[in-house]
There are 2 protein chains.
Amino acid sequence: MKIITLSRQFGSGGRELGKRMADILGFDYYDREIISAIAKNKGLDESYVEKQLERPLWQTVPLTYGHSFANIMAVTQKTDLMIEEKKVIENIATLGRDFIIVGRCADVYLSEYNPFNIFVCADMRARIKRCISYEGENANKLSEKAIEHNIKKIDKNRAELRSLVADTKWSDACAYHLCVNTTDRNIKDLAVAVCDFAEKWFAKS
Amino acid sequence: MKIITLSRQFGSGGRELGKRMADILGFDYYDREIISAIAKNKGLDESYVEKQLERPLWQTVPLTYGHSFANIMAVTQKTDLMIEEKKVIENIATLGRDFIIVGRCADVYLSEYNPFNIFVCADMRARIKRCISYEGENANKLSEKAIEHNIKKIDKNRAELRSLVADTKWSDACAYHLCVNTTDRNIKDLAVAVCDFAEKWFAKS
């Protein structure tokens, strides 16, 4: 079984790269499917699960932290969702099929399967541009400054969430097998190049 | 003209990867040649030039820093060597030939030529192992702990030297186009995979 995990900076085109790679390689593809599975297993709303899992732990607890029942419940539920996320990801691996999974610290959870771990990044300028192009007709809703603020916030949360489960640092080159910069590059072309690299990687594993 | 710059963690096999890539692609290869050229241009000893350029700036100046003539001379000469290094690297690009250059912040100095910038890294365990295998019969001279200490010291110096000339961080994935992890991999196989990736990168530039 071949597993490719893909971590990415927000706006780097990592999700598109992962989807295109899955199409080229004929691998199963997992991204939002994880959220759906957690929501289903826990009987919760998908958007609620997504919001909870993307928040850093400290945001779950109000600043006026006390031993109130509500606060303990909030932390417990967040932890509970993270454990469920880990289970859902581990369950995918038990299917024995080749797959690509985007985000969600899957490189850490699946380490025993020796996945090929990719990190996708890009310059801030390129990421803002990509966010605007992906937004399409909604593009004008946010200023570039607001988009940059969002990108930084989301990436900070991703880095913090990773630090809870990994001993390597999010976005540090050494934490992955291959890091690819998409600045000013066509994701379609990059997908071909990264797939070729991945095939050589697996052939020599 | 195609330029590949290769930055690397000490012991990651980056130099071997660069040499093999140059052989595969038929590119000129620059590494220690830079030191030789600086030494020749400045009428200095190669080993002296190498030592000076690998030291962080603060080590050039004694802790008992004062406005003594000797201290000012030391900083001046270090700066002078760094300027000469930049000149030597820029001169290579004026030859108009495809080349690979290892280390020496060449990715920063040659940015106007749009080089393909690679970073090579590996786990500490793998780097210690590689250092021992490269050392061959001298392998038993240093303990693993001493090798690890050396690796950390050299990498810290590289990071510090880069911070003097670049606004991106050494070893941060986003500072390069491609980062490759050599842990438990055969450099010969990796060289083929990275060359294929590089060729696709240049074809779409």
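The values are calculated or read from the model by the stated rules, or taken from the named source; none is laboratory data. Remember, predicted model here, so these are calculated numbers, not experimental data. No Cβ is skipped: glycine too gets one built from the backbone with ideal geometry, and neighbour counts run over all protein chains shown. SASA here: full protein model, heavy atoms, side chains in, ligands and nucleic acids out. Shrake-Rupley method; radii C 1.70, N 1.55, O 1.52, S 1.80 Å.
Would you work out the charge dipole size for chain B about its Cα centre, treating the Cβ of every Lys and Arg as +1 and the Cβ of every Asp and Glu as -1, and quote it to the nearest 20 debye?
Values: 31 positive and 29 negative charges, 71 e Å.
The dipole magnitude comes to about 340 debye.
Past 20 Å, Cα to Cα, is the threshold; run A:Lys153/A:Lys188; B:Lys87/B:Lys152; B:Lys42/B:Lys78; A:Lys2/A:Lys204; A:Lys2/A:Lys156 against it and keep the listed order. Let's see the in-between values first.
Numbers: A:Lys153/A:Lys188 27 Å; B:Lys87/B:Lys152 29 Å; B:Lys42/B:Lys78 12 Å; A:Lys2/A:Lys204 12 Å; A:Lys2/A:Lys156 30 Å.
Listed pairs above 20 Å: A:Lys153/A:Lys188; B:Lys87/B:Lys152; A:Lys2/A:Lys156.
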Relative contact order of region A:112-205: what whole-number percent is it, with Cα pairs under 8 angstrom and at least 6 residues apart? 44 percent
For region A:118-205, with every protein chain kept in place, what is the accessible area per residue (1.4 Å probe, Å²)? 52 Å²
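Mind ranking B:Asp184, B:Asp196, A:Asp167, B:Asp31 by accessible surface for me, highest first, 1.4 Å probe?
On the way: B:Asp184 100, B:Asp196 45, A:Asp167 150, B:Asp31 5 Å².
Highest to lowest solvent-accessible surface, that is A:Asp167, B:Asp184, B:Asp196, B:Asp31.
How much net charge surrounds A:Glu84 when only the other residues with a Cβ under 12 Å from the Cβ of A:Glu84 are counted, with Lys and Arg +1 and Asp and Glu -1?
Values: positive: A:Lys40, A:Lys42, A:Lys78, A:Lys86, A:Lys87, A:Arg104; negative: A:Asp80, A:Glu85, A:Glu90.
Here the count lands on +3.
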Magnitude of the charge dipole, region B:129-205, Cβ model with Lys/Arg +1 and Asp/Glu -1, debye to 20: 140 debye
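By accessible area of protein heavy atoms, probe 1.4 Å, what ranking do B:Ile132, B:Ile89 get, highest first?
Details: B:Ile132 55, B:Ile89 0 Å².
So the residues, ranked largest to smallest area, are B:Ile132, B:Ile89.
Determine the calculated [θ] at 222 nm for chain A from helices alone, applying -39500 (n - 2.57) to every DSSP H run no shorter than 4 residues and normalising by the residue count; nearest 500 deg cm²/dmol. Numbers along the way, then the final one.
Details: 9 runs with 117 residues, N = 205.
Computed ellipticity for chain A at 222 nm equals -18000 deg cm²/dmol.
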With bins of 10 Å, the percent of all Cα-Cα pairs of region A:137-205 per bin from 0 is 16, 28, 38, 16, 3
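Compute the FRET efficiency between B:Ser133 and B:Glu90 as 1/(1 + (r/R0)^6), taking r as their Cβ-Cβ distance and R0 = 35 Å, and round to the nearest 0.05.
Values: r = 35 Å, r/R0 = 1.00.
Given R0 = 35 Å and the Cβ-Cβ separation, E is 0.50.
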For B:Asn117, residues with placed amide H under 5 Å, excluding near neighbours: B:Thr5, B:His177, B:Leu178
Label point 7 Å beyond Cα along the C-beta direction, distances from B:Asn41 to other copies (nm, shortest first): 6.1
Probe radius 1.4 Å, ligands and nucleic acids left out: can you give me the accessible area buried at the B-A interface, summed over both chains, in Å² to the nearest hundred? 2200 Å²
Under the convention of a label 7 Å out along Cα→Cβ, give the distances in nm from A:Glu199 to the same position in every other copy, shortest first. 1.3
Whole-Hz ³J(HN,Hα) for each residue in region B:22-34, computed from phi via Karplus 6.51 cos²θ - 1.76 cosθ + 1.60 with θ = phi - 60°, x for glycine and proline: what do you get? 4, 5, 5, 7, x, 8, 5, 10, 10, 8, 5, 4, 5
Any chance you could list the semi-axes, whole Å, largest first, of the equivalent ellipsoid that the Cα gyration tensor gives for the protein assembly as shown, using √(5λ)? 41, 25, 22
Summing +1 for each Lys or Arg and -1 for each Asp or Glu, what net charge is found among the other residues whose Cβ lies under 9 Å from the Cβ of B:Met1? +1
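For the protein assembly as shown, with all protein chains present and a 1.4 Å probe, just round the carbon and sulfur fraction of the accessible area to a whole percent.
Numbers: 10900 of 20970 Å².
After summing per-atom areas, the C and S share lands at 52 percent.
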Would you kindly work out, in nm and rounded to one decimal, the distances from the label point of A:Ala146 to those of the same position in each other copy, ordered shortest first, with label points 7 Å along Cα-to-Cβ? 6.2
Taking +1 at the Cβ of each Lys and Arg and -1 at the Cβ of each Asp and Glu, which of A:Thr76, B:Phe197, A:Tyr29 sits farthest along the dipole of the protein assembly as shown towards its positive end, judged by Cα position relative to the Cα centre? A:Thr76
With charges set only on the Cβ (+1 for Lys and Arg, -1 for Asp and Glu), what does the dipole of the protein assembly as shown come to about its Cα centre, in debye to the nearest 20? 420 debye
For q = 0.10, 0.17 Å⁻¹, Debye-computed log10 I/I(0) when each Cα of chain B counts as one equal scatterer: -0.46, -1.26
Mind listing the lone cysteines of chain A, meaning no other Cys beta-carbon sits under 4.7 Å from theirs? A:Cys105, A:Cys131, A:Cys195
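Taking 8 Å as the Cα distance limit and 6 or more residues as the minimum spacing, I'd like the relative contact order of chain A as a percentage.
37 percent
To check you understand DSSP bridge types, tell me what percent of the beta bridges within the protein assembly as shown (both residues inside) are antiparallel, rounded to 5.
Numbers: 4 of 36 bridges.
Just about 10 percent of them are antiparallel.
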